[in-house]
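The structure appears below as structure tokens.
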Amino acid sequence: MTELELLREAFDLQESLVSMRRMFHQNPELSFQERVTSSEVAAELKRIGSWSVRTEVGGFGVVAELTGAGGGRTVALRADMDALPIAEETGLPYASVRPNVMHACGHDAHTAMLLGAARLIARRRAELEGTVRLLFQSAEEINEGAKAMIAERALDRVDEIYGLHNDPLLPAGRFALRSGSMMGSVDRIEMTVEGKGGHGAIPDASVDPVVAAASIVMGLQTAVSREISPFEPAVVTIGSLQAGEAGNVIPSRARLTGTVRTFSPEVRRSMPERLERLVRKQAEAFRCRAELRYIEQVPVLSNDQACCRAAWNVLTRLAGEANLEEARPTMAGEDFSVYLQAVPGCFVWVGSGSSDGGEAYGLHHPKYTIDERCLPYGAAYFAAIAMERTRPGG
Ligand code: NI
């Protein structure tokens, strides 16, 4: 087998990859509601044959497995299936038929790519030396799907795992990856500030949680700027602040929510104490009481060095070294990181942008689109890395 043969075969599947992707695109489903998508996935795997299929794993996840000859290793490949609560504005003929639900992150493309790989791998069953396990996952967008898959033993006996995400700002045919930390950890914070409500004209008879909340927002800016090394990236964003209904009333309570991103496990571990202190003491300074709930969602996405090297080598043969680049780190999160805490693996960016110079919209934008030439590239990469890494001692 050569990677170029796989790529050629994947391009021969282009028409079916595009039609599957458009079908998923037109019928997007939110996290943990991927009922139709997963039944289409299971039906396609059945049409391909060879794969043993388990459905409703960790929500509507589908796990498929194929074992070749020889005592090779077990390699998992993962695609996510869920869409976002966004009203699509692409105007495409196959745009979402569901109001306010859109595949604006390209998980429709990831699902089609992995189904394409399922077909390519099944054709090479005789050459396959180990076991390939396909994970079609629910609920990536709410950071819950990977955990649910692992809880239902989807990673048992897996030696390595590989995943990908499309990048509309990278032209189709190009790939980006990096060893070590590539995407940030994602945690959620929720704060309640309790004061004492009253007349807006008589502040001395009240305890104003709005002023305390405002001070908390400002105080939290020092968590990163004053307490963490400038060489360690971190973000604290307060995205919502709710208090009061009327301009002349001091409310009794304010609520804030935010997101915390870090790029190393050590910095992440240091965040709860720091934020808790800044929030509680700021509130106390204004005679309020504040509570912070720190909700851990997904860890830093960290690619294993050996797996990353293997992916780089496979991609060099598949797409040519001129089409590979070192990925820029991003604080966006991805729950693939949860798998990488359990087993080594590598996550790569697959270019899905067009090279015609037209305007490109980023992930989660209502006008986000992909260049569908990315589909055979993703399918061929998935198949190639699995064939390569299932080899004994691979
Ligand atoms: Ni995504």
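Relative to the longest principal axis of the chain, what angle (0 to 90°, nearest 10) does the C-alpha long axis of helix 209-227 take?
Relative to the chain, helix 209-227 is tipped by roughly 50 degrees.
As a test of the formula, what do you get for the chain when each DSSP H run with n ≥ 4 contributes -39,500 (n - 2.57) and the sum is divided by the residue count, at 222 nm and rounded to the nearest 500 deg cm²/dmol?
One gets -11500 deg cm²/dmol as the mean residue ellipticity at 222 nm.
So for Arg21, Arg98, what's the accessible-area order with a 1.4 Å probe, most first?
Listed by decreasing accessible area, they come as Arg98, Arg21.
Identify all lysines with a Cα-Cα distance to Lys147 below 29 Å; exclude those on the same chain that are fewer than 8 residues away in sequence.
Correct list for Lys147: Lys46.
Which percent of the accessible heavy-atom area of the chain goes to carbon and sulfur, probe 1.4 angstrom? Each step should come with its number before you reach the end.
On the way: 8110 of 16600 Å².
Reported share for carbon and sulfur atoms: 49 percent.
Label Glu152 and Ala285 with points 7 Å out from Cα along Cα→Cβ: what is the distance between them in nm?
4.9
Please report, in debye to the nearest 20, how large the charge dipole of the chain is about its Cα centre when each Lys and Arg carries +1 at its beta carbon and each Asp and Glu carries -1 there.
Charge dipole of the chain: 580 debye, to the nearest 20.
Quick one: ranking Ser229, Ser264 by accessible area, 1.4 Å probe, largest first, what do you get? Intermediate values should be presented prior to the final figure.
On the way: Ser229 50, Ser264 15 Å².
Largest accessible area first, the list is Ser229, Ser264.
If you take the Cα Rg of the chain and divide it by 2.2 N^0.38 Å, with N the number of residues, what do you get?
Details: Rg = 23.5 Å, N = 394, 2.2 N^0.38 = 21.3 Å.
This ratio for the chain stands at 1.10.
Students sometimes get this wrong: rank Ser215, Ser337 by accessible area, probe 1.4 Å, all chains present, largest first.
These residues rank, largest area first, as Ser215, Ser337.
Label Arg328 and Ile202 with points 7 Å out from Cα along Cα→Cβ: what is the distance between them in nm?
Label at Arg328, label at Ile202, 5.6 nm between them.
In Å², and per residue, what accessible area does the chain have when probed at 1.4 Å with the other protein chains present?
Value returned for the chain: 42 Å² of accessible area per residue.
Identify which of Ala112, Ala342, Ala172 has the largest mean-square fluctuation in a Gaussian network model of the chain, with springs joining Cα atoms closer than 10 Å.
Ala342
Please determine, in degrees from 0 to 90 and to the nearest 10, the orientation of helix 35-48 with respect to the longest principal axis defined by the Cα atoms of the chain, where the helix direction is its Cα long axis.
The answer is roughly 20 degrees.
Identify all lysines with a Cα-Cα distance to Lys196 below 24 Å; exclude those on the same chain that are fewer than 8 residues away in sequence.
Leaving aside lysines fewer than 8 places away in the same chain, those within reach of Lys196 are Lys281.
Mind checking which of Gly72, Gly91, Gly106 has the largest fluctuation in a GNM of the chain, springs on alpha carbons under 10 Å?
Ranking Gly72, Gly91, Gly106 by mean-square fluctuation puts Gly91 first.
Please work out how much accessible surface Cys288 shows to a 1.4 Å probe, ignoring ligands, DNA and RNA, in Å² rounded to 10.
Cys288 has an accessible surface of roughly 10 Å² with all protein chains in place.
Once label points are set 7 Å from the Cα along Cα→Cβ at both Gln14 and Lys367, what is their separation, rounded to one decimal in nm?
Roughly 2.7 nm, to one decimal.
The values are calculated or read from the model by the stated rules, or taken from the named source; none is laboratory data. This one's a predicted model, so the numbers in the text were calculated from it and none came from an experiment. Quick reminder, even Gly has a Cβ in these numbers, built from the backbone with ideal geometry, and neighbours come from all protein chains shown. Remember, those area values only see protein heavy atoms, side chains included, never the ligands or the DNA or RNA. Shrake-Rupley method; radii C 1.70, N 1.55, O 1.52, S 1.80 Å.
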